[in-house]
Structures are given as C-alpha cells and as structure tokens.
Amino acid sequence: QVRLVESGGGLVQAGGSLRLSCAASGRTFSRNAMGWFRQAPGKQREGVARINWNGGSTYYADSVKGRFTISRDNAKNTMALQMNSLKPEDTAVYYCAAAPSFNAGWDSSDYNNWGQGTQVTVSS
C-alpha cells in the first residue's frame, strides 16, 4: 500500500519556523515529482512548493518565495519543507503529494498520491 505521511505541523508565532516532513512508504518515489500544497478554511487548495524527481529543480508560489525551502532525500524516500518567517496567512492544512511523472506542475490533478495533511497554525 502506497502511503505518504506528513509530520511537523503545529502552532507557531508569526516570524517563527517549522519544518514539515513527508515520509513515503509502499514504493520508492525517487522517479516522481513531488510537491507541497495547502488549504486554508474556506479556500481552495493551492500549490506551495514543488520539486522534480531528482531535486534539481524547485519551484515556489510567489507568496512563499524566499521564506520556504523544499528538499528531498531519495535515498530515504522523504521530502521536507522548511518554513521560515511564518505569517498568519500561512495557516492551513499542508499536504504532500507525489506525481506519476518526473516533473509536475501546480495543478493538483497532476498528482495521484496524497498524504492526510498536517495542520500549521501561525498566531499573530
């Protein structure tokens, strides 16, 4: 059974940092693009950061550029999102996702494996 499990969410004050992790099991994702998405209450799910299969290319939403860093360790079948200078508007449930391809875009339909999500709450 293929599983993606996120961890590392929590409550943090504005300006603080969190590091999210995504652990994959069931099969290797070393040939798959992966990404982080988030969904705030009453809003649509949006892409936050994405990374190609070997980590050579990374992409960020304008709202997080310069503050968030996506990375992956294919040997460990994991992905991470380092979030610095957090803002209250970063509050959301964060999901990791894997695509059935080397590269993928911002459309959530590009991804066919999803984690259950982890809550990130940033207080002002």
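The values are calculated or read from the model by the stated rules, or taken from the named source; none is laboratory data. What you see is a predicted model, and the numbers here were worked out from it, not measured in a lab. Backbone-built Cβ (ideal geometry, glycine too); neighbour counts: all protein chains shown. Heads up: the accessible areas ignore ligands, DNA and RNA and are worked out on the full protein's heavy atoms, side chains in. Shrake-Rupley method; radii C 1.70, N 1.55, O 1.52, S 1.80 Å.
Table for the structure above
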read-out: Selection count where residues are modelled with pLDDT under 95 and surrounded by 15 or more Cβ atoms within 10 Å (Cβ to Cβ), scope segment 33-54; value: 0
read-out: Filtered residues of segment 77-106 (kept if out of contact with any strand residue (DSSP E or B) (no Cβ under 6 Å at 6 or more places or on another chain) and either free of Cβ contacts under 8 Å to residues at least 12 places away in the same chain or not charged (D, E, K, R) (or both)); value: 84, 85, 99, 100, 101, 102, 103, 104, 105
read-out: Residue count for segment 105-121, restricted to those that are touching a Leu at 6+ places or on another chain (Cβ under 6 Å) and open to solvent by 20 Å² or more (accessible area, probe 1.4 Å); value: 2
read-out: Segment 72-104, subset more than 13 Å from residue 48 (Cβ to Cβ) and small (Gly, Ala, Ser), residue most open to solvent (accessible area, probe 1.4 Å); value: 75
read-out: Of all residues in segment 107-124 being polar (S, T, N, Q) and touching a residue at least 60 places away in the same chain (Cβ under 8 Å), the one that is farthest from residue 54 (Cα to Cα); value: 124
read-out: Failed item in (1) closer than 20 Å to residue 9 by Cβ; (2) assigned to a loop (DSSP other than H, G, I, E, B); (3) open to solvent by 60 Å² or more (accessible area, probe 1.4 Å), with residue 69 passing the rest; value: (2)
read-out: Counted residues, segment 13-42 - those being farther than 17 Å from residue 121 by Cβ, part of a strand (DSSP E or B) and among the basic types (Lys, Arg); value: 0
read-out: Qualifying residue in segment 92-108 (condition: outside any loop (DSSP other than H, G, I, E, B), of a type outside the set (Gly, Ala, Ser), modelled with pLDDT of 95 or more and over 13 Å from the mean Cα position of the chain (by Cα)); value: no
